[in-house]
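First the structure, in the form of structure tokens, and then the observations on it.
Values in this text are rule-based calculations from the coordinates and carry no lab data. Since the model is a prediction, treat every value here as computed from it, not as a measurement. Note that we place each Cβ from the backbone using ideal geometry, even for glycine, and neighbour counts take in every protein chain shown.
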Amino acid sequence: MGFFYSQFIKSYGLPYPKGYYAGKTIVITGGNSGLGKEAARHFVRLGASRMIITSRSLERGEEAKRDIETTTNCSPQTIQVWPLNLSSYDSVLKFGARVVAELDRVDIFIANAGIASGNFRLVEGHEESITVNVISTFLLAALIMPTLKATATKFDTRPTLSFIVSEVHGHTTFPQKFAPEGQIFATVSNKEKAEANWDDQYPVSKLLQVYAGRALADRNDLVTVNLTNPGLCHSGLSRETDSWVFWLIRTLAARSTEVGSRTLVWAGSQGAETHGKYLSDCEVSEPASVVTDKDGRMAQERVWAELVGLLEDIRPGVTANF
């Protein structure tokens, strides 16, 4: 009932983005299409001085840039397209180094890029959705955190880091939380086990995002860290999904891409009152009980400890940035 109320009733009340972002630098991963592109369009329309959108394909990124420029009449210098492929740790490391080298400030960072894989693929040693949605996303967060913190101190402001999650984090009981010590990430990337319950894989990846985002917020007080559920929207995220049930629900209930993007803009614009919070329908909400109950709280700490170890293996010392 809550899902359909949100999709059919709350969607009509999502606030059309307002505000003024002159002087602000905003970064949106996956900003070349879907929710990221429409959120970028809103921020540029509202005067953002520098908008960086990422894309695996520079060609598609440049197409998005031209489209936004046409509809907003912004300066050609406002939007920059930077390459980023979350399936490659090397790409993430290069992107993070570029942020540190080239950006004097980052006011809003929206970690929007993600994937819902249709088939099992091992990428950088883990199942693809785990690599992209969790490990690479938080590696990126660690790499750009010094710039966010420096922005807070230098410009006397409070930057926002918003992770785009999903209500489907509550669609799994997450039995992997009972894996042996230090084996959660290995278990969720086990081919035989993942394929046996494939419909659970994307929800598990989004649940791990929620756990990690909340744990990160507990360890950071200069930057607002929040977790944003945009609802079911028309986007390219589910392009590999071939379920007719999902197709029917999306056809009947999905928000337009523009309406869904309002949740990203709202989340990126919020301050300390949303720190560590799960946001849905442009409101502070509660995550699923798999996050908040006793087992969930224990799982969160286990997931965070394992994730820190994985990030340290990729770039020793990087988690000190948190």
Using θ = phi - 60° and the Karplus relation 6.51 cos²θ - 1.76 cosθ + 1.60, list the HN-Hα couplings for segment 24-34 in order, rounded to whole Hz, with x at every Gly or Pro.
8, 10, 10, 10, 10, 6, x, x, 8, 7, x
log₁₀ I(q)/I(0) of segment 164-213 at q = 0.29, 0.30 Å⁻¹, via Debye over equal Cα point scatterers, no solvent, to two decimals?
-1.21, -1.26
Gain in length, Asn190 to His171, computed as 0.36 nm per residue apart minus the alpha-carbon separation, to one decimal in nm?
4.9 nm
Treat the count of other C-beta atoms within 10 Å as a stand-in for reagent exposure and order Arg60, Arg105, Arg41 from fewest to most.
Arg60, Arg105, Arg41
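Say the cut-off is 18 Å between C-alpha atoms; which of Lys24/Lys149; Lys149/Lys206; Lys206/Lys277; Lys94/Lys149; Lys37/Lys65 go over it? Intermediate results must be reported in sequence, preceding the final value.
Numbers: Lys24/Lys149 15 Å; Lys149/Lys206 26 Å; Lys206/Lys277 15 Å; Lys94/Lys149 20 Å; Lys37/Lys65 9 Å.
Violating the 18 Å Cα-Cα cut-off are Lys149/Lys206; Lys94/Lys149.
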Bounding extents of segment 48-193 in its principal axis frame from Cα atoms, largest first in Å, are 52, 35, 29
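I need Leu93, Leu86 ordered by Cβ neighbour count within 10 Å, fewest first.
Listed from fewest to most nearby Cβ atoms, that is Leu93, Leu86.
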Can you list residues whose amide H is under 5 Å from Lys277's amide H, if they're 5+ apart or on another chain and H is modeled 1.01 Å from N?
Leu227
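So how strong a dipole does the chain carry about its Cα centre when Lys and Arg Cβ are +1 and Asp and Glu Cβ are -1, to the nearest 20 debye? Kindly include the intermediate steps, with their values, before the conclusion.
Working: 33 positive and 35 negative charges, 166 e Å.
Rounded to the nearest 20 debye, it is 800 debye.
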Would you list which aspartates and glutamates come within 19 Å of Lys193, measuring only between C-alpha atoms, while excluding same-chain residues fewer than 8 positions from it?
Glu124, Glu127, Glu128, Glu181
Each label sits 7 Å from Cα toward the beta-carbon; between Ala305 and Gln183 the label points are separated, in nm, by 1.5 nm
Size descriptor, Kirkwood hydrodynamic radius, that averages inverse alpha-carbon separations across segment 43-125, Å:
14.4 Å
What are the lysines whose alpha-carbon lies under 17 Å from the alpha-carbon of Lys294, with same-chain residues fewer than 8 places away excluded?
Lys177
Please give the Cα centre distance for segment 129-183 versus segment 267-322, rounded to the nearest Å.
6 Å
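Taking the convex hull of the Cα atoms, report for segment 2-314 its projected area averaged over all directions, in nm². Don't skip to the end; give the middle numbers.
On the way: hull surface 59.8 nm².
Result: 14.9 nm².
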